[in-house]
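Heads up, the thing below is written out as structure tokens.
The values are calculated or read from the model by the stated rules, or taken from the named source; none is laboratory data. Values in this document were obtained by computation on a predicted structure and should not be read as measured data. For neighbour counting, all protein chains shown are included, and Cβ atoms are generated from backbone atoms with ideal geometry for every residue, glycine included. Surface areas here come from the heavy atoms of the whole protein model, side chains and all, with no ligands, DNA or RNA. Shrake-Rupley method; radii C 1.70, N 1.55, O 1.52, S 1.80 Å.
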Amino acid sequence: MDYAGDSFFTLGQGGRIGLVLLSLVLMGLCVALVWRLVRGVGRVWRVLIALGVFWAFLWLSPQIYYAYYWMIFEDLPVQIVVGTPPGIADVARLATFTDRASLAHHGQGAFAWLLLLVALARRRARPL
């Protein structure tokens, strides 16, 4: 697998560091949301919640990433880039690493699995 042609590497060092930091912050927020939402629910709901948060991330995060690119590139226009929500097949291709081979897609696939692991790792609250 060769990521050398990935657009990530067209950014300068500062741009790449900022993009990684932004991604880590977004991932942390999503992990915290899943951790909070799965409290006290069964396994099926945990998986559905994790996949729902991942789906929302796929749908809405392009706007956040575009805002970052808008800050580092002078000629980008201010615009809305959020499109139609991803379909089930889109989510499945990313989570199974069968979408196009790119750093972003493989990162998204790994993120889907991280959310699932976090959702399934939380123990149910036991009554006293």
Next item on the list: Using a 1.4 angstrom probe, figure out how much accessible area the chain has per residue, in square angstrom, rounded to the nearest whole.
Entry: 68 Å²
Notebook entry, point to check: Could you give the dipole magnitude of region 21-128 about its Cα centre, charging the beta-carbon of Lys and Arg +1 and that of Asp and Glu -1, in debye to the nearest 20?
Noted result: 980 debye
Item checked: Axial C-alpha extent at least 24 Å, average Kyte-Doolittle at least -0.5 - helices from the chain (DSSP) -> 13-37, 43-72, 103-121
Item checked: Whole-percent carbon and sulfur share, accessible surface of the chain, 1.4 Å -> 67 percent
Check: Taking a label point 7 Å from the Cα of residue 122 along the Cα→Cβ vector, which residues of region 90-111 have an amide N closer than 19 Å to it?
Finding: 111
Item checked: Semi-axis lengths (Å, descending) of the ellipsoid that matches the C-alpha gyration tensor of region 1-73 -> 30, 13, 11
Margin query: With just the Cα atoms defining each centre, how far is region 44-96 from region 1-37? Give it in Å.
Written below: 12 Å
Checklist line | Ellipticity estimate at 222 nm from DSSP helix runs (n ≥ 4, -39,500 (n - 2.57)) divided over the chain, nearest 500 | finding: -22000 deg cm²/dmol
Margin query: Could you compute Rg(Cα) / (2.2 N^0.38 Å) for the chain, with N its residue count?
Written below: 1.18
Next item on the list: For region 1-114, calculate the relative contact order in percent as a whole number, restricting contacts to Cα pairs under 8 Å that are 6 or more residues apart.
Entry: 26 percent
Notebook entry, point to check: How much of the calculated P(r) for region 59-128 lies past 20 Å, in percent of all Cα pairs?
Noted result: 50 percent
